[in-house]
Amino acid sequence: MHVLLVEDDPAVRGAVERALRGAGHTVDIAASGDRGLAAATATPFDAIVLDLGLPVLDGLEVCRRLRAAGDRVPVLMLTARAAVADRVEGLDAGADDYLVKPFALDELLARLRALGRRSAAGVQTRGTLRFEDLELDRDAMTARRGDRQIALTRTEFQLLELLLANARRVLSRDVIFEKVWGYDFGPDSNSLDVYVGYLRRKLEAESEKRLIHTVRGVGYVLRDAP
C-alpha cells in the first residue's frame, strides 16, 4: 500500500514509518495538517494515517476537507483522546477508523490491512440496495432516504450495506465485526455501538422511523419494526 503518514511528533512519526516500511508499505511523510492535505490532494494514496493534533490544520479539518472534495481514501486517525465523544467527532469528520495513543504498532498494521481489504472489496460491489425509503447505490457509494441524500464515511457505508444486504436478518456482533472491520475489537469495545448510533442519527435526521434495531445480547437487524 502507498500510505501517507501525517504526524508532527518525531518519535511517533519515526516509529510508525519504520513499522510501515518494515511491513512493505511505501510511505510519504507530512508533519503538519496543511502539508498533509496538500500531499493527499496531489497524490492518490491507498490509505492515510492521520494524527488528530496537528499544527496549522488539525486532523479533523484535514479529514473534513478531503471528504468535502469527494476523496474517499481510507483514513486511520490517531488520537490521544479516548472519550467516546472524541471518537464520534473523528468519525463525523469522515475518518474510517481510529486508534488511541499509546498503541501497539502491530495493531496499527492490522487495522491498515483491514482498511485495505475493505477498500478492495468495495470496488467489487455493484448495484443498488433498497429497503422501504432507504436506498444505497453501491457503484456511486451514495445513500438516500426518501429525497434526502446522506453523506457516509467508508465504514458507515459498509456497515449499512451489510445490514441492507441482510434486511430482516439478525446479525451478531461477531459477524458484523468480521464483515465490516475484518477483526474483532474485543468484548469490551463499544466501537460497533458508536457507528450504529452515528448511522441512526444520519438516517433519522428528519425524524424518520427507526430501521436499525438492537437485538439485545446478539447484535443488530435492519427491519421496519422492532
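The values are calculated or read from the model by the stated rules, or taken from the named source; none is laboratory data. None of the values given here were measured: they were computed from a predicted structure. Virtual Cβ from ideal backbone geometry, glycine too; neighbours counted across all protein chains shown. These area figures cover heavy atoms from the full protein model, side chains too; ligands, DNA and RNA do not enter into them. Shrake-Rupley method; radii C 1.70, N 1.55, O 1.52, S 1.80 Å.
Residues in the stretch 102-135 that are at pLDDT 80 or above and open to solvent by 50 Å² or more (accessible area, probe 1.4 Å): Pro102, Ala104, Leu105, Asp106, Glu107, Arg113, Thr128, Arg130, Glu132, Asp133, Glu135. Here the condition is being touching a helix residue (DSSP H, G or I) at 6+ places or on another chain (Cβ under 8 Å) and in a loop (DSSP other than H, G, I, E, B); of Leu159, Leu152, Leu136, it holds for Leu152 alone. Arg35 - would you say it is of a type outside the set (Gly, Ala, Ser) and open to solvent by 70 Å² or more (accessible area, probe 1.4 Å)? Here the answer is yes, as Arg35 does meet what is asked. The residues in the stretch 7-32 that are surrounded by 14 or more Cβ atoms within 10 Å (Cβ to Cβ) and over 20 Å from Ala110 (Cβ atoms) can be counted, and the count is 7. Tally the residues that are touching a Leu at 6+ places or on another chain (Cβ under 9 Å), surrounded by fewer than 16 Cβ atoms within 10 Å (Cβ to Cβ) and either at pLDDT 90 or above or of a type in the set (Gly, Ala, Ser) (or both), restricting the search to the stretch 141-164. Total satisfying the criteria: 2. Consider the stretch 65-101 and keep the residues that are among the hydrophobic types (A, V, I, L, M, F, W, C) and free of Cβ contacts under 8 Å to residues at least 24 places away in the same chain. The one that is most open to solvent (accessible area, probe 1.4 Å) is Ala68.
Confirm whether Asp51 is acidic (Asp, Glu) and at pLDDT below 90. Judged against the criteria, Asp51 is not a match.
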